[in-house]
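The values are calculated or read from the model by the stated rules, or taken from the named source; none is laboratory data. What you are looking at is a predicted structure, and each value in this text was computed from that prediction instead of being measured. Backbone-built Cβ (ideal geometry, glycine too); neighbour counts: all protein chains shown. For accessibility, only protein heavy atoms count, side chains too; no ligands or nucleic acids. Shrake-Rupley method; radii C 1.70, N 1.55, O 1.52, S 1.80 Å.
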Amino acid sequence: MRTWLRPQKLSTFSYAWLPWPQSHHARTWFVRCMFAICVLSLLALDCDPNHVSLQIFDPFPLVFHPDNKAIKVLDPQKKDISRARSILDKFPSMEQISNSNDLANMRSRMDKADPCVFPLFQWIINSNQSHIVKLTPQQYIKTIQTPHQYLLLSATAETENIFLERKKQNGSEFAFHGSPIENWHSIMRNGLKNASGSKLQMNGAAFGAGIYLSPNATTSLGYCRATHAANRGNKSGNRFIDSENVFCMALCEVIKTKATKSGGIWVVPKADDVCTRFFFVFPMGFTPSGDTQDPSFVRQIQTAMEFYGL
């Protein structure tokens with residue numbers, strides 16, 4: 001067992017018990033998970049500068065040219081998605097990155113492709129605020145029929161501690177959160193937010209303002225939007241799974257009594273009452289299954305959470 005994946009349970013949450021993995025195998029899986037998801041998010045963006053995707057893509061990469069620090073190759077104040085895509089297209093493949101034992105050699109390969117590749121790679125890794133770990137087959141949530149399953153803790157330690165205190169008082173339950181693919185870049189850096197009524201809102205709010213969830217995976221599927229842009233024009237081998245389209249979904253833990261429930265739609269007004277726990281990637285055309293009102297499914301979730309010390 002990889003002990004770094006299974007911290008001791010604590011009364012309060014601290015990312016100190018979720019360290020950067022020390023073994024090469026664990027570390028490369030961590031990098032691969034995080035990097036692949038971030039690339040998906042970036043490549044999914046529309047080039048239209050007025051598109052809402054540019055507003056929700058926050059933070060936008062800040063990358064300086066390695067030979068001239070006065071030159072901003074990528075600038076949050078002047079979001080150039082086309083330039084970002086052109087750099088990403090020159091990245092080594094996911095397999096090459098995850099299997100590399102020599103960072104210096106990998107950097108040399110990146111520099112030959114484009115001097116800005118390694119700086120963007122550094123930004124992608126360093127800007128991520130979430131803890132992401134690929135689940136082993138033994139820890140898969142079996143009802144979720146995809147091998148692309150991840151532990152995803154996107155809230156800050158402070159938010160997690162607030163959540164744990166409320167959980168002691170009210171208990172918790174589970175629900176799915178579906179979101180367009182371009183949203184995950186921000187979620188992994190800022191956590192889930194109530195975007196209703198703001199410029200960041202991507203879907204309607206027919207059931208009120210808040211974070212939209214559902215106990216049914218098929219219902220949350222309706223809030224996911226896959227896109228051909230996720231792999232469009234990518235000749236570098238950076239495809240995440242072998243599909244022209246993918247969609248993403250999170251399984252969240254929710255404080256009981258805090259959601260307004262309208263059938264299969266749950267709305268939680270306060271972001272502090274929701275924490276991501278797992279993240280799934282599916283090929284387009286696949287219909288996910290899972291009902292958090294089913295006790296056998298809940299036991300699968302709880303087993304996986306206990307393994308990771310949650």
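Observations on the structure shown:
- Residue list for the stretch 281-298, restricted to those being modelled with pLDDT under 90, crowded, with 19+ Cβ neighbours inside 10 Å and out of contact with any helix residue (DSSP H, G or I) (no Cβ under 6 Å at 6 or more places or on another chain): V281, F282
- For the stretch 135-169, a residue qualifies if it is in contact (Cβ under 8 Å) with a residue 12 or more places away in the chain and more than 20 Å from Q300 (Cα to Cα), and the qualifying residues are S154, A155, T156, A157, T159, E160, N161, I162, F163, L164, R166.
Conditions (1) more than 22 Å from C275 (Cα to Cα); (2) out of contact with any His (no Cβ under 7 Å at 6 or more places or on another chain); (3) open to solvent by less than 10 Å² (accessible area, probe 1.4 Å), marked per residue:
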residue	(1), (2), (3)
I71	yes, no, no
A113	yes, yes, no
T136	no, yes, no
H148	no, yes, no
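- Only listed residue being of a type outside the set (S, T, Y), open to solvent by less than 10 Å² (accessible area, probe 1.4 Å), part of a loop (DSSP other than H, G, I, E, B) and at pLDDT below 85, chosen from N234, N238: N238
- Of all residues in the stretch 192-206, none satisfies being surrounded by fewer than 21 Cβ atoms within 10 Å (Cβ to Cβ), over 15 Å from W266 (Cα atoms), in contact with a helix residue (DSSP H, G or I) (Cβ under 8 Å, 6 or more places away or on another chain) and modelled with pLDDT of 75 or more.
- Filtered by the rule that a residue be touching a residue at least 12 places away in the same chain (Cβ under 8 Å), open to solvent by 10 Å² or more (accessible area, probe 1.4 Å) and outside any helix (DSSP H, G or I), the stretch 251-280 gives K256, T257, K258, A259, T260, S262, G264, I265, P269, K270.
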